[in-house]
Structures are given as C-alpha cells and as structure tokens.
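Accompanying notes for the structure given below.
The numbers here are math on the coordinates, done by the rules we state, and not lab data. Note that the coordinates shown come from a computational prediction; the quantities given were computed from them, not determined experimentally. Note that each Cβ is placed from the backbone with ideal geometry, even for glycine, and that neighbours are counted across all protein chains shown.
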Amino acid sequence: MAEQMIEFKVSRYKQGQPGPTYQTFKMLCDENTTVLVALQDIRRDLDDSLTLRHSCHHASCGTCGMRINGKEELSCVVKVLELGTPVVTVEPMRNLPIISDLVVDMEPFYDRFNSVGLPFIRGSEFLEDAEIAEGLEAYGRYENCIECNLCMSACPIMGSDETYLGPATLAAAWRVVEEPRGLPVKPLLDWVDSENGCWRCHVAYECNVACPSEVYPGDKIMALRRQLTKRKFRGLFGK
Amino acid sequence: MASYHAVIIGGGGTGAAVAHDLILRGYRVTLVERGEVTSGTTGRHHGLLHSGARYAVKDKESAVECIEENMILRRIAPGSFELNDGLFVALTEEEAHYSHEFIEACHECGIPARRLTKEEVLAREPNVNPDVIMGVQVPDATMDAMRLPLRFFATAKHNGAIIKTYTEVVDFIKRGNAVSAIRVRDHTSNKVYEIGGDIFINAAGAWSGQIGDMAGVDVPIRPSPGVILAVRGRLCNMVINRLHASGDGDIIVPQRALSVIGTSSWVVEDPDNLGLPQDHIDMMIKYGSELVPAVRTAPFRAAWSAARPLIGPRGADTGRELSRTFKCFDHIDEGVEGFVTITGGKATTLRGMAEATAGVVCAKMGVDVVCSTRETVMLPHTAYYV
C-alpha cells in the first residue's frame, strides 16, 4: 500500500482568540485515507484539542462539511491522495460563526431552513416495474438534502447579504412546491417571491458544484423563478 | 424540592436517550461529549431499524427487544424512518429450507414475517439476484443514524438538559468511595473546570472502558469494528438481507440516493484506531453483489469502520460470538458509589437501554418516578440546533 506523508495546514481558532490562525501537521496517508480520517488521526496522535464535526462517514449526515484546498467538500468522501497536493489546506465553512477550529454554529442555517417546514420523508422513486409491498401505501424515503450548509458556504451572495434566504432554503421550498405532501404552497411561493428570495440569486451556480447530495439548489432556484413567472402571467390574464 | 443532578458521559444515541429519560423523570441533566454529538459509533452504523428478525433464531432476547422498540420508535419519532420494510432472500436450497425455522422463530418473537415467492420478490425488488429462490418480508426500516438520536437530544435540551459538546472528561474526583465530580476540558476554549453531580453515568459506548479505567472500575467492553461500504444509486427500496445465520456482508440498506452494504466484524483495543482493511471492503462488494448484482458496478461513494460496543470477556476474537443485548453496571459492586455504566446494545434499542439505566439510577437514588418515554412524541431533529 503506497503511503505518503502529507502536510495539513489547518485553520485553528479557540474562544477568546482575536481570529483564526493556521497550524501545520504531518500525517501519513494511504489511498483509503479521507481528509476526515486524517484529521481524526491528527487529533488522536498530535493534538487532542483539534475540534471538528462528523458523524456518518459516508455523505449521508452532512456534518463534516469544510473547505478543503479552498473548495466546499464533505471531508468524509475526499481521499487525501486523490487531491494530488503535498499540502492540504483545511478551513471551516464560510458564512456561519466559528465556534472552534473547523466547527461552525449551524443555528443561522436552521433558522432559515426550518422556516420552510420541509417534511423529512418524501415519496420514493419506484424502481421500474417494482410492485409496492403489502402493508405499505407507498415507499417513503429521506429527502436528498442532508442540511450540510456547503451550498450556503459556496454561495457568493450569502457572504455579502445577510438577509438572503440562500440556496439550501430555496431548494427546500422548491421541494414543497414540487411535492406538497398536504402543505399549503401559496404562502411559500409568496415568501420566496421577494428581494431576499429567489430573485436575489446571481446564477453563479457555485451551489450546484458544492452540493454533495444530488439536490443541485441552483436548478431549484431557477425552477421557483419559472413557477413564479407562470403564476404572474396567469394573474395578468385573469386565470 | 431540589432535584438530583445526573451527569452523563458520552453524546451518542445511548447518552441522548438517557438524558431524555432522566429529565422527564425530574432530574437536572448535564451531558458531556468530547466531540460533536453522534460522532462515535452512533452516526456511523448502516442505518437499520431492526425488526429483530436477524436475531430471531439464535438470540430471542435481542429479537423481542428489537420488535418492541421498533414499534415504539415509529410512534414517538414519526417521520424519522424510510418506511420500506425488510426482505430476507434465500439464494440456496439450504437457505430456502432455513426459512421455515426463520419464519417460525419470528412469529414466536412477535415479529410479523410473510413468505414471498421468487416472483413476488422480483416484482418488489427487480435488482435482487435473479437466482433468488424465495424471500421473507419483515418490518425492518431505514433510519437516519444521526437524526434519530438528535430527536432525543433536541427534546431533552428543550426540557432543560444541558448538552456540552467538545467537552472531554480528563479526571474523576471522589469523596471517599463516591464520585463527586468530573474534571473536563472544554476544547473550544482549552479551559479546564469541574462539574459536580449526584450520579454519574458512563454512556461512552466503545470508549466506556477508557472512562471506566479513569474512574478505577473495570468495564468489560470489547470495541468490535465492522467495515461498511456505500455505493451511489438506490439499488433497492426495501432493506435486503441474506436469509442465513448472521454473517459478513449480508445486508444492503437503501439510504437517500445511496445503498449501504454491511458489515464485517473483528475486535480492537483502541476505538480511536480502527483502520480500514482493504480485504473487508472487497468482501462487502463480493457478498453485497450476491444479494444485488448491481453493487459490483455501482460507483463507489465511501467505505468506513465503526466500532460496536459489545459486552464480553477479553479474548473474544471476531465479535460475532458476543451478545447484542445491553447491560447496566452499578459500580458499587466494585466499591465505587455514584457511578453506573450502560453499554452494549444497538441503535434500535436506545430508548429501552435508557429506560433500564434510568431505572437503575432511580432505584439507587430512591426516586420513585415511572418512565414516560414510551408515550412522549419527540421534537424534530432540527430543533436541536435552534
């Protein structure tokens, strides 16, 4: 197994410190080592005060989001050696308050996201020809969005406008419009039809690139715009 | 009347459920966790809400625990599970023959189990190995390994529990033979301070042996890791299991747009140093593709190790021989007062483990309040953050 010594330049911050600084650690990595595992190894062997968020280790929980070499990623699915850089820079996500090192405060994310009221379970896409099992009315499955904030960190508008609802919130709103599950759609459309809603987006599509979970928020923002335009025309022609 | 202060060590599913239970019984609760909540074993399992069918033949106690808790969790955590059921498939004549014993054992444990023909299996799950002989449908489900425990944390927190993350226990302080406080380091500020309490509960899972060592008691825990593999694509809707006695690589759990294949089993000394053996990853692909051939060609998403906290004597070597049930230790048996350990068990039985632990704690403290977590519908996971 080809092992390589990699230098990790890690953003460090503790409460009461004036601002973040960088600290460099060296860690041996093999072809299976993810950035998350390397950071855990650093915590175990070199500095037990290093703090980071993580849980599922397979891109299903959304807690281990961070900036790796300047890009928004889930650290659990980025293999260190595949980055191909001798130095790997690791920083916390943007547009949220930093609690410590790589740990950000998710409260502002959920303040926005919870306003939508997106149900956690959606209807499942059926496999072709699959017959629903007896006792189940329909297969349910989790929404794709894993609430990781990567899209909100990558979005260029989020950093300059605190009032912007942001890509994750707008994508969640679109999911309710697309599959209401008994929720009223009109108030939600009114809510996103605003200065700080879907019209604030500059169509940079950084969110689509950052999304690790096939939500593609940029596309959903455009879908909301089309829906609102249709609604406006229907209103103009009295329908 | 002043209430007792319970201090819980460990922010996984068990600690979350104990916090939720004790605060409903009138305790003041503080929970410390050295990292983020659910960052140990809890968040990392394959995400199966067990029906208990997996254990029905060989471990009836665990099977009955599972089906009872499965039904309770559906009630108190509505909207938290992919309602998809489980399917045990027989790929050999021997496995088809085993189905008779299997279904009978399920029914004895109160687990609904329905025989399906080959055609019925393939109509429901067209990606299952076409050589399938028959199947059995049971009420398994997919759970979000992080977000179900978060509902316990969220509800406990809104009821007044204090959850201190990034707070690591560095020492125990005793008065006589009784634990009176823990010394902790807050890793967000590097400050060290003490937390006093009336009762201390070790819920550190695979790390509970290390916490026990610090308190001077022996916790017979064997960290037993398994490798799990996730591939892209939802290859099945139901949880697909191999219809045989428990073995490696015999389950595929669909989760969002992923399929999760588990798992292997060995034992380690240090739960912070699990490794990720390549031959175990290869084994997941090999055995997983026997169940659903598309596993072999599906794009790789992740492979990782997670350490089960199994109760057992030192010397166990694969982990498969260790029981999957849980146990609560009152360390007064070793001369240490005010300190209990809850360990073993599995994600599906977290609430039941907490009920048993809170029962032990209440008996010790002379508190006569019954458990109410069976009926308490919990807040959504998002309430944890706000």
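Cβ-Cβ contacts under 6 Å between residues 6 or more apart (or on different chains), taken from a first residue in the range B:273-288 that is more than 9 Å from every other protein chain (Cβ to nearest Cβ) to a second residue that is part of a helix (DSSP H, G or I) and among the aliphatic types (A, V, I, L, M), are listed as B:Gly288/B:Val295. Between A:Tyr142, A:Tyr164, A:Tyr205, the distinction of being within 14 Å of another protein chain (Cβ to nearest Cβ) and among the hydroxyl-bearing types (Ser, Thr, Tyr) belongs to A:Tyr142 only.
When we screen B:Ala245, B:Ala294, B:Ala302 for residues that are assigned to a helix (DSSP H, G or I) and not hydroxyl-bearing (Ser, Thr, Tyr), the only hit is B:Ala294.
Within the range B:18-40, the only residue that satisfies the criterion of being touching a Leu at 6+ places or on another chain (Cβ under 6 Å) and closer than 17 Å to B:Tyr385 by Cα is B:Ala19. Residue selection: B:Leu49 satisfies the criterion of being aliphatic (A, V, I, L, M) and within 21 Å of B:Pro225 (Cα to Cα). How about the range B:46-83: which of its residues are part of a loop (DSSP other than H, G, I, E, B) and out of contact with any strand residue (DSSP E or B) (no Cβ under 6 Å at 6 or more places or on another chain)? Within the range B:46-83, B:His50, B:Gly52, B:Ala56, B:Val57, B:Lys58, B:Asp59, B:Ala77, B:Pro78, B:Ser80 meet the criteria.
Restricting attention to the range B:207-256, the residues that are touching a residue at least 40 places away in the same chain (Cβ under 8 Å), within 11 Å of chain A (Cβ to nearest Cβ) and surrounded by fewer than 22 Cβ atoms within 10 Å (Cβ to Cβ) add up to 2. Quickly run through the range A:41-56 and pick out the residues that are part of a loop (DSSP other than H, G, I, E, B) and either of a type outside the set (Lys, Arg) or at positive phi (or both). A:Leu46, A:Asp47, A:Asp48, A:Ser49, A:Leu50, A:Thr51, A:Leu52, A:His54, A:Ser55, A:Cys56, listed by residue number. Scanning the range B:257-272 for residues that are within 12 Å of chain A (Cβ to nearest Cβ), within 13 Å of B:Ala306 (Cβ to Cβ) and part of a loop (DSSP other than H, G, I, E, B) yields B:Pro271, B:Asp272.
Going through (1) more than 24 Å from the chain's Cα centre (by Cα); (2) surrounded by 20 or more Cβ atoms within 10 Å (Cβ to Cβ) one by one, A:Asp45 falls short only on (2). So for the range A:192-199 (the condition being among the polar types (S, T, N, Q) and more than 27 Å from B:Ala257 (Cα to Cα)), does at least one residue qualify? Yes, the range A:192-199 has at least one match. Go through the range A:57-97 and report how many residues are within 14 Å of chain B (Cβ to nearest Cβ), in a loop (DSSP other than H, G, I, E, B) and within 18 Å of A:Val37 (Cβ to Cβ). Qualifying residue count for the region: 9. Considering only residues in the range B:59-77 that are of a type outside the set (A, V, I, L, M) and either at the interface with another protein chain (Cβ under 9 Å from one of its Cβ atoms) or within 27 Å of B:Leu291 (Cβ to Cβ) (or both), the one that is surrounded by the most Cβ atoms within 10 Å (Cβ to Cβ) turns out to be B:Cys66. If I filter the range A:131-138 for residues that are touching a His at 6+ places or on another chain (Cβ under 8 Å), more than 7 Å from chain B (Cβ to nearest Cβ), touching a residue at least 12 places away in the same chain (Cβ under 8 Å) and in a loop (DSSP other than H, G, I, E, B), do I get at least one hit? Among the residues of the range A:131-138, not one is touching a His at 6+ places or on another chain (Cβ under 8 Å), more than 7 Å from chain B (Cβ to nearest Cβ), touching a residue at least 12 places away in the same chain (Cβ under 8 Å) and in a loop (DSSP other than H, G, I, E, B), which makes the answer no. For the range B:140-151, the criterion of being under 23 Å from A:Gly135 (Cβ atoms), part of a helix (DSSP H, G or I) and touching a Leu at 6+ places or on another chain (Cβ under 9 Å) is met by at least one residue. Applying the set (1) away from every other protein chain (no Cβ under 14 Å); (2) closer than 16 Å to B:Val57 by Cβ; (3) assigned to a loop (DSSP other than H, G, I, E, B) to B:Phe102 leaves exactly one unmet item: (3).
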